[in-house]
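Step one of this worksheet: look at the structure below.
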Amino acid sequence: MKHNEVYQLPNRKGLDCAMLFELLDQWFNDLNDDAICSCQLRDDIQSLFDENPQVAFVQRLRQYGLSEEDEMIATFFCNRLVSNNDDDIRFNQLSDLFESVHDFNNAKSNLRSAKHTLMKKKIVEHICEDGIADTSKYHLTADAQRDLLAELNINPVEETLAGTLKPSDLTPKKMFYPHEVGKQVSELSKLFQQEEFQKIQDRMKEKGFRNGFACLFYGATGTGKTETVYQLALQTGRSIMIVDVPQIKSKWVGDSEKNIKALFDRYREVVKRSKLAPILLFNEADAIIGKRQEGAERAVEKMENSIQNIILQEMENLDGIMIATTNLQQNLDKAFERRFLYKIKFEKPTLEARASIWRTMIPELNVPTIHTLAEKYDFSGGQIENVARRYAIDSILYGISENITETLTSHCDNERMNEKKLRRIGF
């Protein structure tokens, strides 16, 4: 008016995601200050989204097929996290989004009972405290954060429970198996080749069978269970999602169900996005596939049973490859045992296999020394590798030993002593 010029609305087209949320944050503040009403904000948000279809946030939010009101509520949750780092939303923060008390109370009731559309579509969920859902507190699900806010590198709130190994991270290694074990491992290697894998999955679906492959590798420590998973992944070009089982265990009294569900949700997402389904590896899984507590009364026992029930259900719906390794097969819960399609027992290598391992680990050994060590020490492959590493360190520090047999025998005796000490641990 001062300059006698027509006021032009700021250009709202061609925004990137960060600029979009800057504007949204301003509007939500205006709503809080009663500068605009909820119906006006809803219309403005729709116009803003229509004018910026290139923003991935807008594209992904509209793929959920929400009503305009629910889109506004979901946008509010996203804005609070992006602009205010607020991931703990209470009812008093939501009240301004509704035109009437009746609408607000209706939405509040549906949120409490998890019947709200945003909860059914897994965009919003209750916040869990000590493993119990608080029906007065809400936040975006980890999946919604990854899906809607990918452009802004907002990390999901749940703990990282699995790391990923790519085939390029793995090193080829010659493995030595007894005949029957080698036969089963070769069968898995053939099965995991993508052409065969897809063909078998399609055939299983046609026949109405579950099409996921759950495998159990069990046996003594150092017999090659984990290394076999690595070599299978390398041979078939698959990545490995390695589950941090101790971390899951430590989180049982807390966001347990949420974290284990988030883990399997993440695996499903990766399977959908990948040309080759990765291997989901539960290494040293004794803690989560052991026998369930009958008549559990303590909170921790109930929590453990709850976690196991979730994993059992996820195994039923598995659409990929899961491998669990364990040293204590006798403690395996029967319900888990039934769900593992392939069960391979890894045993200590035979005399011939031990000789081959010694020859591979320390190529400079002569034949008599190899046979002496193989006959005298009933070691697993892992134990032989430990001795070989000790010998390599000695060679670097002190040079090649004049009496290799004596040096290796000393290391073998030390390894056997360590084995006996380990067996005494516990009650």
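Provide a single number: the residues in the range 161-195 that are farther than 30 Å from ILE362 by Cα, at pLDDT below 90 and surrounded by fewer than 12 Cβ atoms within 10 Å (Cβ to Cβ).
2
Inspect all residues belonging to the range 108-115 and state whether any of them is touching a Lys or Arg at 6+ places or on another chain (Cβ under 9 Å), in contact (Cβ under 8 Å) with a residue 40 or more places away in the chain and within 16 Å of ASP143 (Cβ to Cβ).
No, every residue in the range 108-115 fails to be touching a Lys or Arg at 6+ places or on another chain (Cβ under 9 Å), in contact (Cβ under 8 Å) with a residue 40 or more places away in the chain and within 16 Å of ASP143 (Cβ to Cβ).
Sort out which residues of the range 78-103 are within 22 Å of ALA35 (Cβ to Cβ), in a helix (DSSP H, G or I) and in contact with an Asp or Glu (Cβ under 9 Å, 6 or more places away or on another chain), and write them in order of number.
ASN79, ARG80, VAL82, SER83, ASN84, GLN93, ASP96, LEU97, ASP103
Do the conditions hold for LEU276, that is, is it open to solvent by 40 Å² or more (accessible area, probe 1.4 Å), touching a helix residue (DSSP H, G or I) at 6+ places or on another chain (Cβ under 9 Å) and modelled with pLDDT of 85 or more?
Values: open to solvent by 40 Å² or more (accessible area, probe 1.4 Å): yes; touching a helix residue (DSSP H, G or I) at 6+ places or on another chain (Cβ under 9 Å): yes; modelled with pLDDT of 85 or more: yes.
Answer is yes for this residue.
Could you please give the count of residues in the range 81-90 that are more than 20 Å from ASP16 (Cβ to Cβ), touching a residue at least 24 places away in the same chain (Cβ under 8 Å) and either open to solvent by less than 40 Å² (accessible area, probe 1.4 Å) or among the basic types (Lys, Arg) (or both)?
Number of matching residues: 3.
For residues that are modelled with pLDDT under 85 and in a loop (DSSP other than H, G, I, E, B), scanning just the range 223-260, find the one that is surrounded by the fewest Cβ atoms within 10 Å (Cβ to Cβ).
Ranking the candidates gives VAL253 first.
For the list (1) under 34 Å from the mean Cα position of the chain (by Cα); (2) not in a helix (DSSP H, G or I), I need the number of the one condition that PHE49 fails.
Going through (1) under 34 Å from the mean Cα position of the chain (by Cα); (2) not in a helix (DSSP H, G or I) one by one, PHE49 breaks only (2).
So for the range 326-346 (the condition being part of a helix (DSSP H, G or I), under 17 Å from THR223 (Cα atoms) and of a type in the set (Gly, Ala, Ser)), does at least one residue qualify?
No.
Looking only at residues that are at pLDDT 90 or above and among the polar types (S, T, N, Q) in the range 373-389, which one is surrounded by the fewest Cβ atoms within 10 Å (Cβ to Cβ)?
ASN386
Only residues in the range 196-216 that are within 21 Å of PHE336 (Cα to Cα) count as the first member; pair them with residues that are surrounded by 11 or more Cβ atoms within 10 Å (Cβ to Cβ) and aromatic (Phe, Trp, Tyr), Cβ under 6 angstrom, at least 6 apart or cross-chain, and list the lot.
So the pair list comes out as ALA214/PHE340; CYS215/TYR342; LEU216/PHE340.
The values are calculated or read from the model by the stated rules, or taken from the named source; none is laboratory data. Given the structure is predicted, the values throughout are model-derived calculations rather than measurements. Virtual Cβ from ideal backbone geometry, glycine too; neighbours counted across all protein chains shown. To get the accessible areas, we keep the full protein, side chains included, count just its heavy atoms, and leave off ligands, DNA and RNA. Shrake-Rupley method; radii C 1.70, N 1.55, O 1.52, S 1.80 Å.
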